[in-house]
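Input: a single structure, listed below in structure tokens.
What follows is calculated from the coordinates using simple rules that are stated; it is not laboratory data. Everything numeric in this text was worked out from a predicted model, so none of it was measured.
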Amino acid sequence: MATVDKVFRALGDPVRIRIVEMLSANGEMCVCQIMEELGMTQSAVSHHLATMKNAELIHPRRQEQWIHYSLCPEAITEIGLAFLNETVAKLSSATDGKPCDCE
């Protein structure tokens, strides 16, 4: 199962954010398309995809010699939203609902 740490670490790199944007816009993409779009080598792209796969952000599907990737929206939704909801709840109880003096 994906963890908050893995998901945020995977999303902490601009290249991987770009891959998420590409997959969300295109649905599924072949690794060769991702390489071309990013202008990166196969090994560099594979490194980023492995990190994202380990965080359960993407799903691979083999078709002949190529692997196609798609997003796993559950990981982003479940982990990301759960983390943010928990953080907001803790913040609200810590500040007793008082507004922040951030400005």
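Across the chain, the relative contact order, built from alpha-carbon pairs under 8 Å that are at least six residues apart, equals 31 percent.
Per-residue Karplus couplings for the stretch 12-21, computed as 6.51 cos²θ - 1.76 cosθ + 1.60 with θ equal to phi - 60°, are listed in order as x, 10, x, 5, 5, 4, 4, 5, 4, 4 Hz, Gly and Pro entered as x.
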